[in-house]
Amino acid sequence: MTQSAAAQKPPATPRRLDPEDAQHALEEVQECLRRQQLVSDLVHRQEQGDRKADLVEDLVHRQQQAELQTLINRLHPADIAFILESLPKDERQQVWHLVSPEHDADVLLEVEDWVRESLIEAMDRQDLVAATGNMDADELADLAPDLPPDVVAEVQKGLTEEERAQLLEAMGYPEDSVGAIMDFEMVRVREDVSLEVVLRYLRRLHELPDHTDQIFVVDRQDKLQGVLPIAVLLVSEPDIEVRSVMNTDYLTLGPLDSDADAAGAFERYDLVSAPVTDDQGRLIGRVTIADVVDVMREDSQEQALSRAGLQEEDIFAPVSMALRNRAPWLLFNLCTAATASFVASRFEGTVSHIVILAFLMSIVAGIGGNSGNQTMTMIIRALAVGRITGRNIWQLVKREMLVTLLVGLCGSVVAAAFAWAISGSLSIALVMMAAMICNMLVGAGVGVLVPMVRARFGKDPAIGSSVLLTFATDSLGFFIFLGLATIFLL
């Protein structure tokens, strides 16, 4: 580029990453929607059939729609997706109709599943075909379960034979497998060509696939022979053959491997991409760091919800849907709380004689629950990354119980001192100390066993774990504390 040409080109303005940008945009969108509703309400208060008022409303509405459309379409598709997820359904549909068609496909891929369904419902068949017509096979496979069958069939007509085969292959893999997240777009070369040939080939491409950190070396049957890192390609002599510099020590994934296992491998080995091969060693796709980040985020969200017995839902979903999601575990929690109260009622005589016990027993139950929650969080995390095996399970259990015992000894001294200070009784303080240690051990035991038993039977170890832990530490905590008080204080 000549100096004059460089001078004519305006300097690029970097886009600084600011997590609050999307939040500010959401507030601006909400303000625009509020003004629209305010104008509409003011006009409707005027005399019905007033043509002048109707014209004013139409003019103001058009201006505000144009302002909102400009605001929305200057955002990144991920920010548009965030805004749509943060609006009630009616406002969401209103904003969605203002999104430029060129952003439709990217937004549909970015939004959460529970929002995507409502957006697709608001689109007609022609718009859906237009939005999905230019998607890659792996992207279309992600959306296919939410699309009407006739739209999927129409889009398939515009695919090549290879793309159609890739789409059917991706749709055939289980939801939480590597095959369901792998990308078919990648660069592959033969091992008997020179690096100069590879460079010329790359220059002929319109652009490199996203997250291309290595080129895959295959034979004529597409069997993977090695990988050629881009860094090695750039610094090596161009007349060297690929086989001389390719890396034959590489990690491969299988299409039926768990996506969580793939995420663990990316985290462990600091990968940017990894090849996916079939049983014959043929290269069929790749997984990139972008896919893995999505898997990690989804798993994190699912675990956070599962521990409270919840499933992912639209925060603005109808009340009936929210009830179906939340009521079962809340009713179960009610039963567990009733059980704990029943246990406490069996010691009515003890509590009536020593009233201070009624104030202290909640401490025993609460500390036991918190201790168990710490242990449970550690176990669920270890299960998620595959660190627990049949050989180390008992060692882990003994370690957690020992740690809990030592922490319990320290904490129970403080609790005993508090009980002695408010009751003036050394006996109550000692009972408080013993009950707290025992209930913390109960919490640790439940925190280990509940996730591991559920995982042993192929269930999500996080689902309802907090509810079950609370049930155990409350019921047994009351039983242990009041039982010891009945034996030693009466």
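The values are calculated or read from the model by the stated rules, or taken from the named source; none is laboratory data. Owing to the predicted nature of the structure, the values given are computational and were not obtained by experimental measurement. Here the Cβ is made from the backbone with ideal geometry for all residues, glycine too, and neighbour counts use every protein chain on show. These accessible areas exclude ligands, DNA and RNA; they are computed on the full protein's heavy atoms, side chains included. Shrake-Rupley method; radii C 1.70, N 1.55, O 1.52, S 1.80 Å.
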Residue pairs qualifying under the 6 Å Cβ cut-off, at least six apart or on distinct chains, with the first in the range 165-180 being more than 16 Å from D259 (Cβ to Cβ) and the second being aliphatic (A, V, I, L, M) and part of a helix (DSSP H, G or I), are Q166/A137; L167/A137; L167/L140; L167/A141
Exactly one of D249, D279 is more than 25 Å from A137 (Cβ to Cβ) and assigned to a loop (DSSP other than H, G, I, E, B), and that residue is D249
Restricting the range 28-78 to residues that are open to solvent by less than 80 Å² (accessible area, probe 1.4 Å) and not in a helix (DSSP H, G or I), the one modelled with the highest pLDDT turns out to be L75
Subset of the range 136-157, residues outside any helix (DSSP H, G or I) and either under 18 Å from G285 (Cα atoms) or open to solvent by 70 Å² or more (accessible area, probe 1.4 Å) (or both), comes to D136
Pairs returned, first residue in the range 230-247 that is within 22 Å of S273 (Cα to Cα), second residue that is assigned to a loop (DSSP other than H, G, I, E, B) and of a type in the set (V, I, T), beta-carbon separation under 9 angstrom, 6 or more apart or interchain, are I230/T212; V242/V193
L383 passes all but one of the listed conditions (1) open to solvent by 40 Å² or more (accessible area, probe 1.4 Å); (2) modelled with pLDDT under 90; (3) out of contact with any helix residue (DSSP H, G or I) (no Cβ under 6 Å at 6 or more places or on another chain); the exception is number (3)
Across (1) modelled with pLDDT under 85; (2) in a helix (DSSP H, G or I), L482 clears everything bar (1)
Among M452, M440, the single one that is part of a helix (DSSP H, G or I), of a type in the set (A, V, I, L, M) and closer than 20 Å to S362 by Cβ is M440
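Looking at L256, L199, L234, L271 in this structure, which one is open to solvent by 60 Å² or more (accessible area, probe 1.4 Å), out of contact with any strand residue (DSSP E or B) (no Cβ under 7 Å at 6 or more places or on another chain) and of a type in the set (A, V, I, L, M)?
Just one listed residue meets the conditions, L234.
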The residue from L405, L430 that alone is modelled with pLDDT of 90 or more, open to solvent by 30 Å² or more (accessible area, probe 1.4 Å), out of contact with any strand residue (DSSP E or B) (no Cβ under 9 Å at 6 or more places or on another chain) and over 26 Å from V355 (Cβ atoms) is L405
Within the range 252-268, the residues that are not basic (K, R) and not in a loop (DSSP other than H, G, I, E, B) are L253, S258, D259, A260, D261, A262, A263, G264, A265, F266, E267
Taking the stated definitions as given, is N373 touching a residue at least 24 places away in the same chain (Cβ under 8 Å), assigned to a helix (DSSP H, G or I), open to solvent by 10 Å² or more (accessible area, probe 1.4 Å) and of a type outside the set (A, V, I, L, M)? yes
Exactly one of E185, E169 is surrounded by fewer than 21 Cβ atoms within 10 Å (Cβ to Cβ), more than 17 Å from P209 (Cβ to Cβ) and not hydrophobic (A, V, I, L, M, F, W, C), and that residue is E169
Residue hits (the range 202-219; free of Cβ contacts under 8 Å to residues at least 24 places away in the same chain and either open to solvent by 80 Å² or more (accessible area, probe 1.4 Å) or over 32 Å from the mean Cα position of the chain (by Cα) (or both)) are L202, R203, R204, L205, H206, E207
Of the conditions (1) over 20 Å from the mean Cα position of the chain (by Cα); (2) open to solvent by less than 50 Å² (accessible area, probe 1.4 Å), the single one that E112 does not satisfy is (1)
Condition set of a type in the set (G, A, S) and outside any loop (DSSP other than H, G, I, E, B), scope the range 223-246, selection farthest from M296 (Cα to Cα): answer is S244
Residue count, the range 453-475, condition at negative phi and open to solvent by 30 Å² or more (accessible area, probe 1.4 Å), comes to 13
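For the range 329-346, enumerate the residues that are closer than 30 Å to F488 by Cβ and either open to solvent by 30 Å² or more (accessible area, probe 1.4 Å) or without any contact (Cβ under 8 Å) to a residue 12 or more places away in the chain (or both).
A337, A338, T339, S341, F342, S345, R346
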